[in-house]
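Below is one structure, written out as structure tokens, with a few remarks after it.
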Amino acid sequence: MKAVMPVGMLAMLLAMVVLTILYANMSGSGLAAGARFGVLVGVFAVCAFVIHNYVNLNIGLRLTIEQAIAYFVEWVVVGIVIGAIYRPAAG
């Protein structure tokens, strides 16, 4: 696991950069817009990854619920941080 951890961290950073670009193309900015964006991404992550893993990998309901909560909270926080940092270009 230690050998591939830097790859995982780089992939998460890249995912956040991509989400920042997507957020910049949305209307609105600020914490509320970031939270809304984070909720949308969180729901997407839970449906596309967590439930997918539950169905295909037989990981068990408890782990699925724990992952769903973790993924959702993680992406809502990322959305809020993006909303707090991002400022649209003037003009």
*Going by the conditions given, is Gly79 under 13 Å from Leu19 (Cα atoms) and small (Gly, Ala, Ser)?*
yes
*Do any residues in the range 1-30 that are in contact (Cβ under 8 Å) with a residue 12 or more places away in the chain and among the hydroxyl-bearing types (Ser, Thr, Tyr) have Cβ atoms under 9 Å from those of residues that are assigned to a helix (DSSP H, G or I) and open to solvent by 60 Å² or more (accessible area, probe 1.4 Å), where the two are at least six apart or on different chains, and which pairs are they?*
Thr20/Ile85
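The values are calculated or read from the model by the stated rules, or taken from the named source; none is laboratory data. Please read all numbers here as calculations on a predicted model, not as lab measurements. Cβ coordinates were reconstructed from backbone atoms using ideal geometry, including for glycine residues, and neighbour counts include every protein chain displayed. Side chains included, ligands, DNA and RNA excluded: accessible areas come from the protein's heavy atoms. Shrake-Rupley method; radii C 1.70, N 1.55, O 1.52, S 1.80 Å.
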